[in-house]
Amino acid sequence: MIGLEHGQSKTKKHGERMGTTTYVCSACSSRDMYIDYTRGEVICSNCGLVISDRSIDMGPEWRAFTADEQSARQRVGGPTDWSKFDQGLTTIIGRQNVDASGRKLSSTRRAQIHRLRKWQIRTKVHSSDKRNLAVAMTELHRISSQLSIPYSIRETSAVIYRKALRKRLTRGRTILGMIAASLYLACRVHKVPRPLEEVTEQIHITRKELSLCVRLILRYLNLKVPHSNPIEFVHRFGTELDLPGEAKKKAIDILEQARAERLTIGKDPKGMAAAAIYVASILTGARRTQLEIARTARVTEVTVRNRYKELIAKLNISTM
């Protein structure tokens, strides 16, 4: 190997990126680099020229042989979490009353730390907005856990609620209603829609109150929330009804035909999905009753029946 000489230098125009620096071989202009982590060298894979011998190892300087040792020797805390009222960046003063070396504190130092701990707890939720967020994020974790909402959607709903709080949209509305509306809209943003009725079952507020909160957020936050697609409900309803994959696929095909014929415009997505599932269950021999499907989709039997009649009439489907 040859050392770095004759004006060989780093460049950021071409080459393979190594951390924040890009390298190119000054001898053969190759961009194919190899990093030798043992020696800390960046080497050209084409001609063997050592481009740099001062590569910085960004990993830990200790060795860990078990998962417990690895977690115990980490230097940093957890990532920023918007679903926590303090984003996970709060300072916690421990109650062990020992210093960094494990030695016990003197009585004077213990009294000082006790006062600091007390004021830290008091100032953590000092403002009204912080107290509001503390209650709201607790409710968000509870509702999302009951509805089996994934972490990414929970984070989005927390961001929506924080924007609503900054716009003072929470005044005159319950915290529960606003956080539920944020969660409902976050589900729609991620195209994992949940019916309003399902959300209201978990938070014990009326559908009317939740709808008002949803419209309030949409009006003032300028969110780009896509309309619910009936196809997005098929897999969920089909799983709850224990339908085979063939029936779900048939229901999706029926809904795609209905959308091509513009039959889904102005219709409740849940009702259209329920009717398509009913038709598909008949065609595939895995029949389910209108009552079962209506209860699963949280719509009335009349809705299922009316949408069913429209589908078979407009798409020329024979269920006999």
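A few points about this structure:
- Links that overshoot a 22 Å alpha carbon limit, given the list Lys130/Lys208; Lys167/Lys270; Lys167/Lys267; Lys267/Lys314: Lys130/Lys208; Lys167/Lys270; Lys167/Lys267
- Extension gain for Asp242 to Gln257 (0.36 nm times residue separation, less C-alpha to C-alpha distance): 3.0 nm.
- Other residues lying with their Cβ under 12 Å from the Cβ of Asp253 contribute a combined charge of +2, Lys and Arg counting +1, Asp and Glu -1.
- Residues Trp119, Trp82 in ascending order of nearby Cβ atoms (within 10 Å, fewest first): Trp119, Trp82.
- Estimated FRET transfer efficiency when R0 is 25 angstrom, pair Leu291-Ile312 (beta carbons, to 0.05): 0.85
- Three principal axis extents of region 138-221 based on alpha-carbon atoms, in descending order, are 29, 25, 23 Å.
Throughout, read-outs are computed from the coordinates displayed, never taken from laboratory work. Remember, predicted model here, so these are calculated numbers, not experimental data. Note: ideal-geometry Cβ built from the backbone for every residue, glycine included; neighbour counts use all protein chains shown.
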